[in-house]
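Contents: one structure, followed by commentary.
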């Protein structure tokens, strides 16, 4: 993994490169960023750059023996730790290393749900167990074999329970030239004893243009399709890549038509929509509801005069402007609440026909009668 293979995050890349060139490499670093921002990919690219035998000004060379081993995740001085679903109490990350290499090389924007799909997880809870902590200590007790550095990348330290305290000494007083790169998504769930011993590197969400450009250039999406997926993913490349596997076309048209049917209280047409939506498939239903939530929020931004931060394509923007003149803020909030509730229930396998019929009736109350689901009349603003 080279820096050039990672979408966006140019400021973070430069900061990491500078830390190496200026000899300011901290022995314990925490890459903290939301899912889909590229934290894990950045950590691997950084480790490869540190070990590269012919460093370039802005990236590893990609061709030296060290880089070739890193690209296969098979360098003897590169170690990984990650949550897994243990079948036996003595299972460690090494038990699942082949699945890990396959998962990361297939998609560096890995999520726990995707990782679960590579394992026989059943209903087990993911964790990093005490056996894995002891294995980490053992692996890092040796000197580097080939590289200047021995590097451990620990993905999702949030899944270290109190057993993680076993790592404190090796994190605080590591062997010479031993580095810990922790990649996390939720700072509040990390043991404070570990958090206090690391240098924090905050990784922001990817921006709209970076995701859109990647989808057009690498995944051959049209500009319209790429813009819609980038808009829906909300800075999460994992979500964006997942949406490529599903039919994301016409969410805008379908959603606006649905609102118009509800506004006109056209019962038979609404029933036809419900039948159509119930056959879309669970992932498309979730994406459709997510699109609707985002679209209504953009309407609220237009009502507030914040046009410059609205990311809708031109045609959808025109529709949103017209919609924002009809839907006031209280109505918008009520619709968003119903869409978010529906998304929650779709994830939990609710009956889609009953669900979309119920949501439609609630939206009809909001749009046609200006009444909340609890019976309160709106006051236009």
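The values are calculated or read from the model by the stated rules, or taken from the named source; none is laboratory data. Here the structure is a predicted model, which is why all the values come from computation and not from measurement. Heads up, the Cβs are rebuilt from the backbone with ideal geometry, glycines too, and the neighbour counts pull from every protein chain shown.
A quick yes/no check of all residues on (1) buried (at least 23 other Cβ atoms within 10 Å of the Cβ); (2) outside the structural domain of residue 194 (by TED's automatic domain parsing); (3) closer than 22 Å to residue 104 by Cα:
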| site | (1), (2), (3) |
| --- | --- |
| 13 | no, no, yes |
| 27 | no, no, no |
| 39 | yes, no, yes |
| 43 | yes, no, yes |
| 48 | yes, no, yes |
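For residue 11, the conditions (1) within 16 Å of residue 207 (Cβ to Cβ); (2) assigned to a loop (DSSP other than H, G, I, E, B); (3) free of Cβ contacts under 8 Å to residues at least 60 places away in the same chain all hold with the exception of (2).
The requirement of being modelled with pLDDT of 90 or more and over 25 Å from residue 229 (Cα atoms) is satisfied by residue 351.
So in region 215-233, with the set limited to residues that are out of contact with any helix residue (DSSP H, G or I) (no Cβ under 7 Å at 6 or more places or on another chain) and part of a loop (DSSP other than H, G, I, E, B), which one is modelled with the highest pLDDT? Here the answer is 218. Looking across region 145-155, the residues that are crowded, with 17+ Cβ neighbours inside 10 Å and out of contact with any helix residue (DSSP H, G or I) (no Cβ under 7 Å at 6 or more places or on another chain) come down to 150, 154.
Out of the residues in region 132-144 that are surrounded by 17 or more Cβ atoms within 10 Å (Cβ to Cβ) and without any contact (Cβ under 8 Å) to a residue 60 or more places away in the chain, state the one that is nearest to residue 167 (Cα to Cα). Looking at the filtered set, the residue picked out is 133. If the condition is being part of a helix (DSSP H, G or I) and under 20 Å from residue 46 (Cβ atoms), then region 192-213 contributes 194, 195, 210.
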